[in-house]
There are 2 protein chains.
Amino acid sequence: MSVPQANGPKSIKNGWFTEISDKHFPGQGLSLKVDEVLYYAHSEFQEILVFKSSNWGNVLVLDGIIQCTERDEFAYQEMISHVPLFAHHNPKRVLVIGGGDGGVIREVVKHSCVESVSLVEIDSTVIELAKQYLPNMSCALYHEKVTIHLRDGYQYLREVGSNPQQDKYDVIITDSSDPDGPAEAFFQREYFQLMNDALKDDGILIAQASENVWLDINYLSRLVKTARSVFENTRYCYTTVPTYTSGQLGLIICAKDSKVNLTKPQRTPSSEEQQLMRYYNPQIHYTSFILPTWADTLVYDTN
Amino acid sequence: MSVPQANGPKSIKNGWFTEISDKHFPGQGLSLKVDEVLYYAHSEFQEILVFKSSNWGNVLVLDGIIQCTERDEFAYQEMISHVPLFAHHNPKRVLVIGGGDGGVIREVVKHSCVESVSLVEIDSTVIELAKQYLPNMSCALYHEKVTIHLRDGYQYLREVGSNPQQDKYDVIITDSSDPDGPAEAFFQREYFQLMNDALKDDGILIAQASENVWLDINYLSRLVKTARSVFENTRYCYTTVPTYTSGQLGLIICAKDSKVNLTKPQRTPSSEEQQLMRYYNPQIHYTSFILPTWADTLVYDTN
């Protein structure tokens with residue numbers, strides 16, 4: 001791993017990091033106080049910043065957007081993992097695209113029924129940084145059920161879908177960054193089609209939607225339509241994350257089987273599994289799909 | 001109304017307003033871009049700022065804390081009003097303490113069963129500013145069912161409770177600012193006792209909790225205990241508001257009748273009433289009480 005640069009990024013001024021985006025959320029900013037810049041560099045794929053914050057633990061930032069803080073990361077990792085895994089009756093083979101920080105992997109291996117997890121991460125720097133600075137997230141990266149592929153997720157999926165010898169997946173989790181950087185392709189119809197081809201007939205996928213109902217709800221509505229052009233059974237749910245702009249993040253979840261009720265867990269966490277979870281429980285699963293009236297209307301707008 | 005001062009407050013720098021609080025949420029900040037300062041002055045009670053933001057409409061700030069923006073205020077006003085009003089089987093007399101901006105009043109008068117609403121606001125400047133700069137919130141302040149009392153809410157409640165001739169209330173809504181300014185007394189046991197004395201036997205109250213589960217959850221837990229020392233039937237619920245730090249705000253709701261299930265609406269909105277509501281619906285009522293596992297444990301911690 002390269003040595004961190006001494007100069008910090010432009011997003012840090014007077015000891016505060018600020019997340020702003022004229023394109024995605026103009027006119028608002030979210031700031032965290034910086035105790036120390038731990039790493040700052042441009043990898044082959046993106047600008048990477050890791051800093052120690054005064055009150056939220058270590059923070060990973062990709063292309064200026066907060067990916068996680070140690071204090072609240074479980075809200076994201078648990079919901080993007082456990083909602084699709086408990087919506088599935090018996091997930092054994094799981095694919096995680098992105099998520100090199102290891103947070104999703106940590107949650108997936110809590111399911112005793114899961115037999116194997118493949119992690120496809122394009123940027124090895126993210127994995128190395130997580131091992132060094134986010135030990136509670138990266139702790140399961142070398143779990144016996146996990147295989148890491150340092151690959152482009154899009155290409156990986158294409159190979160899986162076109163190879164009749166390759167076992168398909170029960171659950172695919174796309175834990176990508178936002179669509180402006182290397183993750184841009186993960187928000188297109190072709191990507192949902194590739195996931196469809198890589199899933200078993202009773203398979204389920206989830207992807208972070210990069211938006212929420214308060215920011216660009218029209219984008220969300222288009223994303224739901226995009227997903228529905230491949231998966232009739234597409235739903236929107238969300239998790240609350242205070243260090244994401246607006247305090248929440250949307251998730252798009254799809255099932256190949258049009259009759260599966262994604263809002264209802266198909267399995268109940270064992271008491272052992274539930275004890276390992278701080279955010280998720282069967283009630284939160286259901287409630288994460290319930291939207292304010294205005295948002296429900298717009299997200300599922302069919303015009 | 002006094003003429004706005006030409007100099008803006010310290011909370012605006014380089015065209016951005018930033019909300020920070022070393023005491024309540026150290027190490028984080030929320031910023032909105034300022035197009036124009038519309039009003040800035042110290043009233044008898046507090047520092048008042050109104051500005052036109054670039055993307056969130058006009059914004060009211062008291063003592064440095066955002067009270068509302070025109071774009072997302074309905075999320076707060078609807079939930080603090082409709083959750084207690086629909087949890088009550090037949091609310092006729094409603095008392096609103098604080099809330100001089102008129103937003104809560106606007107929601108309360110949407111209930112056809114409500115016959116009278118008393119608004120007790122200590123600071124007349126807030127009412128005048130709302131009429132000028134927040135017309136969609138202040139629009140119901142002169143509704144025929146509304147009586148405005150320019151009084152201290154604490155004193156008003158004391159008089160109601162000690163006067164046997166005075167009709168008691170079905171629902172009391174405390175729409176205060178945070179506990180550091182003139183609203184400090186609204187977070188003490190004595191205040192809950194005064195509300196108890198001013199409520200009918202089947203009465204319900206709600207108060208903004210000034211915190212949420214992501215910020216000072218121990219404070220919330222103490223507030224729930226304080227309320228429970230008067231009302232055995234006390235629950236915590238929340239609403240999502242992107243321009244509040246962390247993106248959500250907690251609400252404390254109490255019923256004098258220990259058998260009432262506050263999480264379940266006792267009435268269904270008529271189709272006319274539902275059409276007037278953008279955020280609230282009966283499902284959101286229930287889900288606003290469902291917390292992530294860790295938060296549920298701490299908020300209701302009895303130790």
Between the residues B:Thr293, B:Leu251, B:Pro265, the Cα farthest towards the positive end of the dipole of the range B:238-303, that dipole coming from +1 and -1 charges on the beta-carbon of Lys, Arg, Asp and Glu, is from B:Pro265
DSSP-loop GluC sites (Glu not before Pro) across the range B:108-162, with at most 13 other Cβ within 10 angstrom
B:Glu115, B:Glu144
Value of [θ]222 nm, deg cm²/dmol, for chain B, DSSP H segments ≥ 4, -39500 (n - 2.57) each, nearest 500
-7500 deg cm²/dmol
Across A:Ile284, A:Ile252, A:Ile204, the residue with the highest GNM fluctuation in chain A (Cα network, 10 Å cutoff) is A:Ile284
Label-point separation, A:Arg71 to A:Ser162 (7 Å along Cα→Cβ), nm
4.8 nm
Dipole of chain A, positive direction: furthest Cα of A:Val224, A:Leu194, A:Leu134, with charges on the beta-carbon
A:Val224
Spin-label pair B:His143/B:Asp197, simplified geometry with 7 Å Cα→Cβ offset, distance in nm
2.9 nm
Exceeding 30 Å between C-alpha atoms, which entries from my cross-link table qualify? They are A:Lys23/A:Lys168; B:Lys23/B:Lys256; A:Lys52/B:Lys13; A:Lys145/A:Lys256; A:Lys13/A:Lys131; B:Lys131/B:Lys225.
A:Lys23/A:Lys168; B:Lys23/B:Lys256; B:Lys131/B:Lys225
Any idea what the relative contact order of the range B:12-69 is, in percent, if you count C-alpha pairs under 8 Å spaced at least 6 apart?
24 percent
Low-density loop positions, GluC sites (Glu not before Pro), the range A:25-80 - DSSP coil, at most 12 other Cβ in 10 Å
A:Glu44
Residue among A:Gln193, A:Gln77, A:Gln275 with the largest mean-square fluctuation in a Gaussian network model of chain A, springs linking Cα atoms under 10 Å:
A:Gln275
Relative contact order for chain A using alpha-carbon pairs under 8 Å, separation at least 6, rounded to a whole percent?
16 percent
Anyone know which of A:Gly27, A:Gly247, A:Gly98 comes out most mobile in the 10 Å Cα GNM of chain A?
A:Gly27
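Taken together, the values in this text are just the output of simple stated rules run on the coordinates, not laboratory data. Just so it is clear, the model here is predicted, and its values are computed rather than measured. So basically every Cβ, Gly included, is an ideal-geometry build from the backbone, and we count neighbours across all protein chains shown.
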